[in-house]
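The values are calculated or read from the model by the stated rules, or taken from the named source; none is laboratory data. In this text the structure is predicted, and so the values were computed from the model without any measurement. Cβ coordinates were reconstructed from backbone atoms using ideal geometry, including for glycine residues, and neighbour counts include every protein chain displayed.
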Amino acid sequence: MSTFLGLPAPPGAPPTAPPGVGHLRGDRPFPEAAADALADPQLRHNLGRATRTIRGKRNAVVAELPDWAELRAAGAAIKDDVLAHLDTYLLQLEEKVTSAGGVVHWARDAAEANAIVLELVLAAGATEVVKVKSMATQETGLNEALAAGGVSAWETDLAELIVQLGDDAPSHILVPAIHRNRAEIREIFLRAMGGVGRAADPGLTDDPAALAEAARLHLRQKFLDAEVAISGANFAIAETGTLGVVESEGNGRMCLTLPRVLITVMGLEKVVPTWQDLEVFLQLLPRSSTGERMNPYTSTWTGVHPGDGPQEFHLVLLDNGRTAVLADPQGRSALRCIRCSACLNVCPVYERAGGHAYGSVYPGPIGAVLSPQLTGVAENPSLPFASSLCGACYDVCPVAIDIPSMLVHLRERVVEDKRAHSRIPTSEQALMSAAKWTMLRPGRWAAALRAGRAGRVLGRRRDRIGALPPPLSAWTSTRDLPRPPEQTFRDWWVSSNGGHAEDGGT
Amino acid sequence: MSARDDVLARVRAAQAVEPLPDGPTPRDYRRHDDRRLPELLDLLVERLTDYQATVHRGDDATTLVRSVLGGRSLPSLVVPDGVPDAWRDGIPGGIDLLADDPPLSAVELDGVGGVLTGCRVAIAETGTLVLDGGPGQGRRMLSLVPDYCLVMVTADQVVGSVPQAVAVLDPSRPLTWVSGPSATSDIELNRVEGVHGPRTLDVILLG
């Protein structure tokens, strides 16, 4: 179990996602970035309202199904089976996609995936591509890589369009512009649409229907002109070679149907064994994600369908640290994730801090366990601590990922990693050593507790201690400390004869 | 070493760290909806309506098509190959009819008012219609690019649950699952009908 706790990866261990490309790392630690978000009342208002709405919808449609627990158990078991036989299923998928007229490419990491896609786009003679929302290509930073190669990539999901036109970063897996309200969206459309295509009507209002209409008009011409589309995939079925994309707006259908060439980039773990498995995920995903019984559109395709849709299909299978996640027995079930985002919407930390504070395209509770594993904990060391461990994420997860336990495990890995890379003990380690010495002898412990009463000189005004000097300030900079009581429990126990004296005396 | 061999070797090395649990998948969820057909038809109508489709029910396809399309004032309509005569006969005379033969381009379809199409299966519990490009349906883009879509459903195509639908569908065909008109919840999580797909979805349920 502790194979690589705190140690450099052993020879032969799968590598994590390399730095310098893609969006798995923030440039600031979580607490620092979260402080900015917490200081923005508009952002907190937008997030609070949006997550409250979607939690209500999700709860209502999940309650409609009497067999939710059984579906959840099946979903978890299917995903575990995928991980147990990932090599077999990937080879089977490759064979089936190929025999249906598709071409399968393998990418060790983000840079390799981006290079494959750029080469395919250029080979198709295109300088513009349309994209349907895809976490994998956000992870790899594909748009930037295409731009560097002279190719413009147009995001077609409404929220992604808002993010792209606003020169912004997504802040939610499902609703990437959750941090923007309608007035801000109107302003972005009026300002930015004209520079990259059909401009918005100057009389545009902030009515959501009018904003959606503006996006429809702006993107319609791009869909009709596009030669190449790029998509992600919600699942790929090994048994049949079938790919699937779940969406709402129809921009996915446009991308999957109109262009001549389709390139799909998919994380390795999105493969599922059988066609029948769809019956589980098409119940779990929409209800957990948008809180709908079924999302408006789901498309499935198998290779190339002569005369219908793209006549050239490429599937890029992406590792980028996924095999490193698979190598940690206590962290690997994060690969069950179907990117529904239910855990974001119930998380008290996400609801207040928002997605940008996590610094990765995967925010919220799942991001706090997935991002540090994909990059290695040394590069995202604050994320496993971005949680109160309340457990709400585990309760709503449709594939039963035990995120709280995994967070504790990753905290341990962060501490071990720090120890392995530093000869000077950290203040936390010094404190823990002192605690160990104290707890070894009952006498020392009792004395320490009595000494703790000295702390009563602090925090007299609020009955709380707000700030301690370094190194203890590391604790109190983000938390209050209760003022120590007048009497320790041990003293009370002795003086009250184990509680009997008080019982009898009153 | 090729990327393919490298990635597969990584997968196997990771699995070897500690074997993963292996066993049959528990499938204790409901596979079959035991409700009788009349109940399922009512449920389908309720769920389709809940997601902003407009449902019209009856036995006479010709009359229904005439009245539904008569109220939509479409300039033109694309009708895929294989649509039954009883449906086609109901199309009001003033509407310009197009066949997808030779295949229409996306730009041509963008100028078409709407589409009339059949489907392969309908799921009552979720209010979902699945198109598989079979007879009377045509290519995927026909039900996508025009702004209006009329889907014909016969009672014998209606199943109760998602598992029952998956069981009758053929994965080798291109499938489109439709649950209500195109929609988005990207602006403050308000559902707005109509972004890129057809903004109006009419459904005629026969039987």
Anything in the range A:123-171 that is more than 14 Å from every other protein chain (Cβ to nearest Cβ), without any contact (Cβ under 8 Å) to a residue 40 or more places away in the chain, in contact with a strand residue (DSSP E or B) (Cβ under 8 Å, 6 or more places away or on another chain) and of a type in the set (A, V, I, L, M, F, W, C)? List them, or say none.
A:Leu146, A:Ala147, A:Val151
Do any strands (runs of 3 or more DSSP E) entirely within the range B:167-207 hold 3 or more residues that are more than 7 Å from chain A (Cβ to nearest Cβ), and if so, which?
B:200-206
So if I check each of A:Thr88, A:Thr98, A:Thr53, which one is closer than 30 Å to B:Ala13 by Cβ, surrounded by fewer than 18 Cβ atoms within 10 Å (Cβ to Cβ) and out of contact with any strand residue (DSSP E or B) (no Cβ under 7 Å at 6 or more places or on another chain)?
A:Thr88
Are any residues in the range A:403-432 loosely packed, with under 12 Cβ neighbours inside 10 Å and either over 35 Å from the mean Cα position of the chain (by Cα) or touching a residue at least 12 places away in the same chain (Cβ under 8 Å) (or both), and if so, which ones?
A:His421
For the range A:252-301, how many residues are part of a loop (DSSP other than H, G, I, E, B) and either small (Gly, Ala, Ser) or more than 7 Å from every other protein chain (Cβ to nearest Cβ) (or both)?
6
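Residue-wise test of (1) surrounded by fewer than 17 Cβ atoms within 10 Å (Cβ to Cβ); (2) in a loop (DSSP other than H, G, I, E, B).
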residue	(1), (2)
B:Leu43	no, no
B:Val68	no, no
B:Pro80	no, yes
B:Ile91	no, yes
B:Gly94	yes, yes
B:Val115	no, no
Just give me the residues in the range A:204-232 being more than 10 Å from chain B (Cβ to nearest Cβ), outside any helix (DSSP H, G or I) and buried (at least 22 other Cβ atoms within 10 Å of the Cβ), in sequence order.
A:Val228, A:Ala229, A:Ile230, A:Ser231, A:Gly232
Would you check which residues across the range B:51-62 are out of contact with any Ser or Thr (no Cβ under 7 Å at 6 or more places or on another chain) and either at pLDDT below 95 or surrounded by 14 or more Cβ atoms within 10 Å (Cβ to Cβ) (or both) and list them?
B:Gln52, B:Ala53, B:Thr54, B:His56, B:Arg57, B:Ala61, B:Thr62
Working only within the range A:455-476, note down all residues that are surrounded by 12 or more Cβ atoms within 10 Å (Cβ to Cβ) and in a loop (DSSP other than H, G, I, E, B).
A:Leu458, A:Gly459, A:Gly466, A:Ala467, A:Leu468, A:Pro471, A:Leu472
Test for A:Ala378: is it within 12 Å of the chain's Cα centre (by Cα) and assigned to a helix (DSSP H, G or I)
no
B:Val158 vs (1) crowded, with 24+ Cβ neighbours inside 10 Å; (2) at pLDDT 95 or above: all pass except (1)
Can you find a residue that is part of a helix (DSSP H, G or I), in contact (Cβ under 8 Å) with a residue 12 or more places away in the chain and surrounded by 21 or more Cβ atoms within 10 Å (Cβ to Cβ) anywhere in the range A:56-64?
yes
Taking the range A:311-339, which residues are in a loop (DSSP other than H, G, I, E, B) and more than 14 Å from chain B (Cβ to nearest Cβ)?
A:Cys337, A:Ile338, A:Arg339
